[in-house]
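Structure first, then comments.
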Amino acid sequence: MIEFLRRLGTLFRRSRVENGLDEEIRFHIEQQTAKNIRAGMSPDQARRAALLRFGGVERIKEATRDEFRAGWLEDAGRDLRYGVRALLRAPGFASVSILTLGLGVGAATAVFSVVNGVLLKPLAYPEPDRIVRLFQIDGNGRRMQAASEPNFEDWKNGTRSFRAMAEMSPGPAPVVVRGQSAMIPGAGVSREFFDVMGLRPVIGRGFDESEQRVGGTPAAVVSYRFWQNRLAGTSIEGQTLRTGTTTYQIVGVMPQGFDYPAASEYWVPRELRPPQRARTAHNWQVVARLADGVPLPVARADISALSRSLKARYGDDTWMFDATAIPLREQLTATSRTSVLMLFGAALMLLVIACLNVSNLLLARVANRRREMAVRLAIGAGTWRIARQLLAEALVLCVAGGVAGLLIAFAGVRALVALQPGNLPRIDNVAIDWTAMIFALAVSVMAAVILTMAATLRTGDRDLKCELAESQRMSAGGRASQRVREVLSVSQVALTLVLLIGAGLLVRSFVHVLTVDPGYRIDRALILDLTSPTYPDDDDACRRYLAFQHDLLSRLQALPAVSNVALVNDFPLGGGWYANGQFFEMSRPDEFKSYDDVRALGEEAKARAGFAGFRIASEHYFRVMGIPLIRGRVFNESDGFDAPHVAVISESLAKTKWPGQDPLGRFIQFGNMDGDVRGLRIVGIVGDVREITPESSPGALFYAHSRQRIASRFSVIVRGQPEESIASAARQILRQLNPDMPVQTRRVEEAFDRALAGRRFNLLLIGVFSVSALLLAMLGIYGLISYLVAQRTKEIGIRMALGASSRDLLRLILGKGATLALLGIGAGTIVALGLTRLVQGLLYEVTARDPIAFGGVAAVTLAAVIVASYLPARRALKVPPVDSLRV
Amino acid sequence: MTHKERPDLLQGTLDMLVLKALQLGAMHGWGITERLEQWSDNILQLGQGTLYPALYRLERQGLIRSSWKVTENNRRARYYTLTASGRRYFEEELTHWKRLSRAVELILQASSA
């Protein structure tokens, strides 16, 4: 073993050829010269003669160097060729090993590509680590989704750690370009945005001063994709895009691939609109670039100190207690980091299990060739040479396995990306590139070295000499090798257990998510997502808009295929803004007309305040969605535009805001949302709804009637069959009523799917890994038990001849298998108890130590191992004792 | 007495001679050439440098081992010794060589008879 390492070292000591050789040759020449002088030559002559006798010194040095090179290559080549031939002679062993390794390496490489693309690769901006997102922190220490403009201005002017800072307001909007109307994601961005990102338009220019003020010339910069797809790559001269009532001149095109934030395809200057003065209107996301030489912690401290002083200055006028800066890449990948790393851990475990399997096989092979190796040792081969040949075989195996793995990884990555799980950002970055290939190769080579070391662990001189003296019986070395194999198998079972427990926990979470009650009951429906390009600003415009909405609804209802129609501004299953805000309770319907009225209350204002999601729904909405009415009533025809405004609240809002009291009949002012200061009277309480995904907790919701409040973005829910014809009819109706309004259709089932996509993806991968691991572990146990049985054929024969029943012998063999299994399960459970804590964030309604998962998995593993042990046991028992006792 | 300055020596033969030279004990490269020239009655006059690639090769194959030592004249030199495998290898090759040369001898004698 030490010899092995020493020789491994000499492979790299080229310097020996240079250093020692010089001195050696010099010594030689001097000695020969001295001899010549003793023979009578003059010193000069002697030296010349010596050099002549020696031959060309440089030539000799070259020849020695060549020996070094040739020898190394020659030996390596010979060993590799020998290794290949040896493997070809054992095709069963070779193919199983290569496939097993391929599976392990392939899985690890595929997931590594995901890790690389999603987490590791730097963003495609200049000096991307210097870009940070700034967040307000609320009174509970939580990061707020958005910041308000006055806070942003104070940040910009009051800190010195940032070279540039900008605010952004991203979101899709209905845009008309070249006569086509579509929902296109875009963003309003402030002056320094492009400085923060470090990019400039590749065609045209950015915004100039005249375009970045209220009343300035509206200009827009578009993305490369926008330019290619919607402008067909033609000149941008004179091209415009229209959203709402504003027509923007397209003045520039950004570099290919840039779409920050939120897949934006166009950017417009924020400065076109008047500034927002309310410190509590949180509508902006803030991004900044660190100043040169300023480290992140310093910048964080800077903005934190400033924000805390702002809180001190403004008190209740600001909801920001503190602030922080998060590097952009981290912020983009935060939600998926846990699941990606968990998948990587699982893939690595699978790889280790695969290596353990191959190790077992290799050991078995080595054990079979002990006689051969003992003979070779006897005739003079060094242990190093034997080890080197084993290394060559292992290397060939592992490289072949690595190549197989790369192929599997290619296919795997292709499949992963096609699955398009919604929860993986930057998924287009995921591909098999040089990094992945180097990873695969490195892993394969390391596996080869480790496997060889494991296999030659006990191949010392002494052991093999004993081997020669032994007959078929197990020698001391053989027993040691068997111990090692047992340890390997137990480790396999342990790791498999960990993987299976992970899968089990995820399965239970998934089942919980599927069975949770979302609060509404709707299985099949078509959803039309609509956004009005303009916002009605006066009473007449409002009436017209509402008329349009209800025209739309009644025309849809009139279609023969349609059974039910309803409208809501934020459909629970994604696709909405999920507007929320602060409201105030009033003692009279017109108590507050403005925010100042509220402030006049002073301290009491706090007691009157509440926070809820603001929803606008049509009168049939609750019925269509299957949301139960708990008390009071829902909207009806009498709640028209001119009638007193009414509202319906969700149960959790009633419970939290008015515990033990009756919310019905109270007046609420929700002017924060749309500027409409008319009070709303609560007339009903409905059941809670889980929004966005079935996993979220039910929130406090406040519903206003769609005949009384304007929902400029809304979803129409249409129930009926068949859905395709309804969709096309709906588009026609819309084109007649409002051609500028883009419509997107989707189905409720798709929405459900999308909400569960991330979880399903994780489950699928872990499931595949753990089942593969279980199969590999079973294979390993099968191999080990077969070997053990083969070793003890004679013993079994004797026992049978002496009268042992097959049942007893079966119990003996299965007992061995069960012992191994229990050891593995025990070890694996301990490891799992420690590790599952890390993935608690991915679980739903399941603890990291869920006993059902642990227990179930242990039982399954035990059963699997017993099955794997049963087959070789049965085979052995079939052999009649007469045959096994025969020598 | 005329003799070829550099007789052709097969690589394997040179290896054998070196191993033989080392049978008596450790020696440095120059010492080995001296020994061989003495024993061959100066018939064999190797281009002395050809020894060193051979020594390197033999060491790489594990048949000899080297270490730096100090000579009687207090000079540093690399000394070579036979390893156990070297000894075994030499015995084998010697047997082989003897049989081969006997066979050649027989054939040559046979044709002249």
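Structural remarks
- Among residues of the stretch A:31-60 that are at the interface with chain B (Cβ under 8 Å from one of its Cβ atoms), those with a beta-carbon under 8 Å from a residue that is hydrophobic (A, V, I, L, M, F, W, C) and surrounded by fewer than 18 Cβ atoms within 10 Å (Cβ to Cβ) at least six positions away or on a different chain give the pairs A:GLN32/A:ALA49; A:VAL57/A:LEU51.
Condition check ((1) closer than 30 Å to A:VAL516 by Cα; (2) in contact with a Pro (Cβ under 9 Å, 6 or more places away or on another chain)) across all residues:
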position: A:MET800; (1), (2): no, yes
position: A:GLY826; (1), (2): no, no
position: A:LEU835; (1), (2): yes, no
position: A:GLN840; (1), (2): yes, no
position: A:LEU843; (1), (2): yes, no
position: A:THR847; (1), (2): yes, no
position: A:ILE852; (1), (2): yes, no
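- Exactly one residue out of A:VAL340, A:VAL251 is aliphatic (A, V, I, L, M) and within 32 Å of the chain's Cα centre (by Cα): that is A:VAL340.
- Summed over the stretch A:88-123, residues that are touching a residue at least 60 places away in the same chain (Cβ under 8 Å), out of contact with any Gly (no Cβ under 9 Å at 6 or more places or on another chain) and of a type in the set (Gly, Ala, Ser) total 3.
- Some residue of the stretch A:663-683 being under 30 Å from A:VAL846 (Cβ atoms) and not acidic (Asp, Glu): no
- Among the numbered conditions (1) touching a helix residue (DSSP H, G or I) at 6+ places or on another chain (Cβ under 9 Å); (2) over 28 Å from A:VAL430 (Cβ atoms); (3) of a type outside the set (A, V, I, L, M), the only one that A:SER339 does not meet is (2).
- Helices (runs of 4 or more DSSP H) wholly inside the stretch A:604-688 that include at least 1 residues being under 38 Å from the mean Cα position of the chain (by Cα): A:621-625, A:651-657, A:671-674
- Test set (1) in contact with a Phe, Trp or Tyr (Cβ under 6 Å, 6 or more places away or on another chain); (2) crowded, with 17+ Cβ neighbours inside 10 Å; (3) not in a helix (DSSP H, G or I) - A:ARG759 fails condition number: (3)
- Qualifying residue in the stretch A:284-294 (condition: in contact with a helix residue (DSSP H, G or I) (Cβ under 9 Å, 6 or more places away or on another chain), of a type outside the set (Gly, Ala, Ser) and surrounded by fewer than 19 Cβ atoms within 10 Å (Cβ to Cβ)): yes
- For A:ASP79: the one exception among (1) touching an Asp or Glu at 6+ places or on another chain (Cβ under 9 Å); (2) away from chain B (no Cβ under 14 Å): (2)
- Flag for A:PHE162 being of a type in the set (A, V, I, L, M, F, W, C), under 30 Å from the mean Cα position of the chain (by Cα) and buried (at least 18 other Cβ atoms within 10 Å of the Cβ): no
- Among residues that are in a strand (DSSP E or B), facing another protein chain (nearest Cβ under 10 Å) and touching a Ser or Thr at 6+ places or on another chain (Cβ under 6 Å), B:ARG65 is not included.
- Members of the stretch A:147-201 that are farther than 30 Å from A:PHE714 by Cα and in a strand (DSSP E or B): A:PHE162, A:ARG163, A:ALA164, A:MET165
- The residue list B:TRP68, B:TRP39 contains one member that is without any contact (Cβ under 8 Å) to a residue 24 or more places away in the chain, exposed (fewer than 13 other Cβ atoms within 10 Å of the Cβ) and of a type in the set (Phe, Trp, Tyr), which is B:TRP68.
- Listed conditions (1) under 28 Å from A:LEU734 (Cα atoms); (2) without any contact (Cβ under 8 Å) to a residue 60 or more places away in the chain; (3) in contact with a Gly (Cβ under 9 Å, 6 or more places away or on another chain) are all met by A:ARG200, apart from (1).
- The set of residues in the stretch A:652-670 that are surrounded by fewer than 16 Cβ atoms within 10 Å (Cβ to Cβ) and closer than 15 Å to A:PHE611 by Cβ comprises A:LYS655, A:THR656.
- Only one entry of B:ALA77, B:ALA103, B:ALA54, B:ALA21 meets the criterion of being in a helix (DSSP H, G or I), at pLDDT 85 or above and within 13 Å of chain A (Cβ to nearest Cβ), and that entry is B:ALA54.
- Flag if A:ILE98 is away from chain B (no Cβ under 14 Å) and either touching a Phe, Trp or Tyr at 6+ places or on another chain (Cβ under 9 Å) or of a type in the set (Val, Ile, Thr) (or both): yes
Here's the yes/no breakdown for (1) free of Cβ contacts under 8 Å to residues at least 60 places away in the same chain; (2) under 30 Å from A:TYR248 (Cβ atoms):
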{"position": "A:TYR266", "(1), (2)": "no, yes"}
{"position": "A:LEU296", "(1), (2)": "no, no"}
{"position": "A:SER304", "(1), (2)": "yes, no"}
{"position": "A:LEU310", "(1), (2)": "no, no"}
{"position": "A:GLY315", "(1), (2)": "yes, no"}
{"position": "A:THR318", "(1), (2)": "no, no"}
{"position": "A:ARG329", "(1), (2)": "no, no"}
{"position": "A:SER339", "(1), (2)": "no, no"}
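The values are calculated or read from the model by the stated rules, or taken from the named source; none is laboratory data. Nothing here was measured: the structure is a model prediction, and the numbers come from that model. Cβ coordinates were reconstructed from backbone atoms using ideal geometry, including for glycine residues, and neighbour counts include every protein chain displayed.
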